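Written below as structure tokens is the structure these notes are about.
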Amino acid sequence: MLMDEQAFNFQHHIPDKQPETLSPQQEKTTPGHPPLTVSAAEMTTLLHLSPDALLLVSTTGIICQVNETASQLFGYSYDELIGQSLEILLPERFRATHVAHRDSYIAQPRLRPMGQGLELFGRRKDGSEFPIDISLRPILLEHALHTIAAIRDVTTQRLTERTLAKQAERLNMQTALLNAAHDAILVRDPVSRIKLWNHGAEKLYGWTTQEALGRISHTLLKTRFPASRVAIDMRLEQEGHWEGELAHTRRDGTTVIVRSQQILLRDQQNQPYATLEINHEVTSPDQYEHKPYTMQAVTEQLSFLQHIIDALPTSIYVVHGDNARLLLTNKAAASIWGAVWPVGQTMREFLDTHGILIVNAQGRPFPEQAWATTRALLQKEIVIQHQEIIRQSTGVSIPILVNAVPLDSPYWQSLQQMEPSLLQTTVQLSEPLALVIHQDVRMLKEAEYLKDEFIGVAAHELRSPLAVLKGAVGTLLLQTQRGHGPQLADWQQEMLQEIEQATDHLNTLTTDLLDVTRLQAGQFFLHRTSTNLSALVQRIVERLQQTTSLHQIEINTSLHNVIANIDPQRIEQVLTNLLTNAIKYSPKGGAVLVSLAIHTNATVEISIQDHGIGIPQHQQSQIFGRFMRADNAHAAGINGTGLGLYLCRAIVEQHQGQLWFASQENVGTTFFLTLPLLQA
Ligand code: ADP
């Protein structure tokens, strides 16, 4: 039943003279635990109450009492056990040595609690053996020393212990293997908490196992992912594994690049319960400096990019989000705005803070939704050469051409993921981004002004010789007609008429050019006076009717006294131009109808209708532009400069009126103009 000297030993005899007391030596060896003194009745109760198997044994090793549990445990009946030698409960091979052990225990009886000895075995009646644990206690029953043994079958316990020992052994072996590996190996649970951290990981990252366990792996290692962590997780989920390079930060703050192999571990229900990560260092820190995708390299690239855009003369900025928050800008932008726009601030806030206005050519502020920047951001429009004027708080106005394009955001998002501090502002995944370029066109405007001035001077200088020419040709023709001087041959007469026409044409051209340059320079002034418009129209119609016999110009109005506060010369210029066009662009002749009507809103509307070549649909929107002529006018061989309508519209608008038309090619054209009437 026992295997060592602490086991279940009994003395065969106790001295007769002192059966109830123990020797001083015995007392010393059982401090606090002298033998219990019990009566026979107490002993019987004790035996039956105990859940353990109990045996009461005499000093000679004879079983004196047993309880039910003991007899069941060993497979003997009560009667079969009483009076038997204790050794029948031991495997045979231990019996002889046991007698000696029993003697030494009786010589020095003491309390021996359970679980203290080594491996003990019992033997059942059927010969089978089983592991047991035992506790011993000396006891005085009716003044005679006995030993009471409590025995417990520990078969299940031993089995569990053995399995555990085997598992521990396997685990130790695995850990030893993991630790022997040169690579950093870690296991993380579904929320990335580190569950295993081998020696390789300790060595590579500098964090001890104790420090690393339970931490979130990507937070501990400040992992920079090539794409995004979500993308890697998705790949793991779909394919079960992922392989790629990652940048990690060691405990000492240095960066290490690793080739990472990750495997998703699933349980029997196919639920992921952990990820095994094997990270192999691929770069030494100095190699890392040259890797293009590392943070350091990205930081360098960004600052290089900043240098480049700072060196550009055009203003550049990148904005994000519905409120156009600044992400990046250059130095030239600051000089165009006249202020520094801080990264992260919205465009509206910035403009308001510095009293900056964005206005159109007429000086009227653009509403926010009409800014090129807003259009690119919110409508995803590519805005090209939008004319805006930036009016700084100091009053300085800078004409600019704006190009704005919507951008894709993944580049900025991956930068942000790599290192949030790189951007100084947070770009959301769904946010719109736009790149805006402002070109300062002050120099162009200056050049344009110089050109206009040159044209103006040239036109002005041409006027005097043209006047001489016109006067001379006119006089020559008139005097010849009157019979003064020699008669001219027909061809001579025709040539003089051609010279006169060309001079007229040149005169119109120079006058128009002068007007255009005056308009451009803001030097075009009206000399208003209250004028009878109906009379003016009447006069112009009569004059122009004399220039054509192919056309019949009619006035359709019952109004004879329409008074307006206008510059009569300029309005005559407009009406003459429109009527001349109606005649000119109706080469086959026909009726030209001039109508005059008054509207309730105190404006007078004049329309001029012809049945000529019309204006092609595709060119109608540009027909008021400078030097603009329609293709069909060219094709019909009709001369012109393309300046008349441009001037007409400018003059009418200066009168707070409007000029427009309706036209159909080969059917005819009607021009409409409105002018405010003189208020009473
Ligand atoms: P132009 O000196 O060429 O007549 P305008 O500025 O007066 O210049 O007119 C611009 C262009 O508009 C013309 O060249 C012609 O193509 C078109 N146009 C103007 N009026 C008419 C019209 N009544 N019918 C057809 N085309 C016209």
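Quick notes on this one:
- Positions within segment 609-623 being more than 8 Å from the ligand (Cβ to nearest atom) and either in contact (Cβ under 8 Å) with a residue 24 or more places away in the chain or among the aromatic types (Phe, Trp, Tyr) (or both), in sequence order: Gln609, His611, Pro616, Gln617, Gln620
- Qualifying position, being closer than 30 Å to Gln301 by Cβ and modelled with pLDDT of 90 or more, among Ile437, Ile389: Ile437
- The residue that is nearest to the ligand (Cβ to nearest atom), counting only those in segment 629-669 that are under 49 Å from the mean Cα position of the chain (by Cα) and exposed (fewer than 14 other Cβ atoms within 10 Å of the Cβ), is Trp660.
- Among residues of segment 159-192, those that are part of a strand (DSSP E or B) and touching a Leu at 6+ places or on another chain (Cβ under 8 Å), counted: 4
- Hits in segment 670-680 (condition: within 11 Å of the ligand (Cβ to nearest atom) and either among the hydroxyl-bearing types (Ser, Thr, Tyr) or over 22 Å from Phe627 (Cα atoms) (or both)): Thr670
- Segment 594-608, subset hydrophobic (A, V, I, L, M, F, W, C) and away from the ligand (no atom under 12 Å from the Cβ), residue surrounded by the fewest Cβ atoms within 10 Å (Cβ to Cβ): Ala602
- Restricting segment 342-359 to residues that are in contact with a Phe, Trp or Tyr (Cβ under 8 Å, 6 or more places away or on another chain) and surrounded by fewer than 18 Cβ atoms within 10 Å (Cβ to Cβ), the residue that is farthest from Ile398 (Cα to Cα) is Pro342.
- Pairs, first in contact (Cβ under 8 Å) with a residue 60 or more places away in the chain in segment 340-352, second aliphatic (A, V, I, L, M) and assigned to a strand (DSSP E or B), C-beta under 7 Å, six or more apart: Val343/Leu326; Val343/Leu327; Gly344/Leu326
- Filtered residues of segment 569-582 (kept if surrounded by fewer than 17 Cβ atoms within 10 Å (Cβ to Cβ) and either more than 15 Å from the ligand (Cβ to nearest atom) or small (Gly, Ala, Ser) (or both)): Gln569
- Subset of segment 540-595 [of a type in the set (Gly, Ala, Ser) and under 23 Å from Leu526 (Cβ atoms)]: Ala564
The rows are residues; the columns are (1) buried (at least 16 other Cβ atoms within 10 Å of the Cβ); (2) more than 23 Å from Gly642 (Cα to Cα).
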position	(1), (2)
Gly471	no, yes
Pro486	no, yes
Leu519	yes, no
Val537	yes, yes
Ile553	yes, yes
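- Residue within segment 583-590 that is of a type outside the set (Ser, Thr, Tyr) and away from the ligand (no atom under 13 Å from the Cβ) present: yes
- Single residue of segment 212-245 satisfying the filter (of a type in the set (Asp, Glu) and touching a residue at least 24 places away in the same chain (Cβ under 8 Å)) that is nearest to His280 (Cα to Cα): Glu245
- Some residue of segment 165-188 being exposed (fewer than 13 other Cβ atoms within 10 Å of the Cβ) and at pLDDT 85 or above: no
The values are calculated or read from the model by the stated rules, or taken from the named source; none is laboratory data. If you're wondering where the values come from, they're calculated on a predicted model, not measured in any experiment. Heads up, the Cβs are rebuilt from the backbone with ideal geometry, glycines too, and the neighbour counts pull from every protein chain shown.
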